[in-house]
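Taking it in order: structure first as structure tokens, then the write-up.
The values are calculated or read from the model by the stated rules, or taken from the named source; none is laboratory data. Computed from a predicted model, the values in this text were never measured in an experiment. Methodologically, a virtual Cβ is constructed for each residue, glycine included, from the backbone with ideal geometry; neighbour enumeration extends over all protein chains shown. All accessible areas refer to the heavy atoms of the entire protein, side chains included, with ligands and DNA or RNA removed. Shrake-Rupley method; radii C 1.70, N 1.55, O 1.52, S 1.80 Å.
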Amino acid sequence: MEGKVTLSVLKESHEGNAGNDWKYQIEAKAFNRGLKGQGLIKVAKHNLPSGVTQAPPGPPAAVEMPVGDCSNEVKVKLRVEAFEVDLFRNDYGMADIDLYLKCPGPGAEPLVHERDISVGVSDSGRDSVVTIEVRLVLSCA
């Protein structure tokens, strides 16, 4: 049986003094004995003050990726790139995480995994951490 994973952004937060104008993107790749699917979520420039937790603007549409055979463990690789938007040069940070997920069996309820991904951004003594909360829903047809 073939499976799929749906990635969505739930919340975002920011702590620090690097600035208040942010944009970011989340690149996802699903592996199951090779690359099976990939997707990208982009969140446009918006205001995210320090100390605030909020839903992302939009919110951005979820991405759905095939994961191949449901009887195997699935690796989902996430790369988050965050930019504090400046007039001349954006400050940048990046984080990679790998998640190893067991697929539910055919006919079973989808499995839900929620994860925080923190990205540090630093420039000339100004430091911030942007945290993105994502949800992955793994299902088997």
Alpha carbon convex hull of the range 8-66, volume per residue in cubic angstrom: 87
Sites Thr6 and Ser71, calculated FRET efficiency, Cβ-Cβ separation with R0 25 Å, nearest 0.05: 0.80
Accessible carbon and sulfur surface of the range 66-141 relative to its total accessible area, %, 1.4 Å: 51
Trypsin sites (Lys or Arg not before Pro) lying in DSSP loop within the range 1-105, provided at most 14 other Cβ fall within 10 Å: Arg33, Arg89
Three principal axis lengths of the chain [C-alpha, angstrom, descending]: 51, 25, 18
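At 1.4 Å probe size, with every protein chain present, just tell me what the per residue accessible area of the chain comes to in Å².
Details: 7250 Å² over 141 residues.
Per residue, the chain has 51 Å² of solvent-accessible surface.
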18 Å Cα-Cα threshold exceeded, pairs from Lys4/Lys77; Lys23/Lys77; Lys11/Lys45; Lys4/Lys36: Lys23/Lys77
Full-extension gain in nm, Ala62 to Val137, via 0.36 nm per residue minus C-alpha separation: 26.0 nm
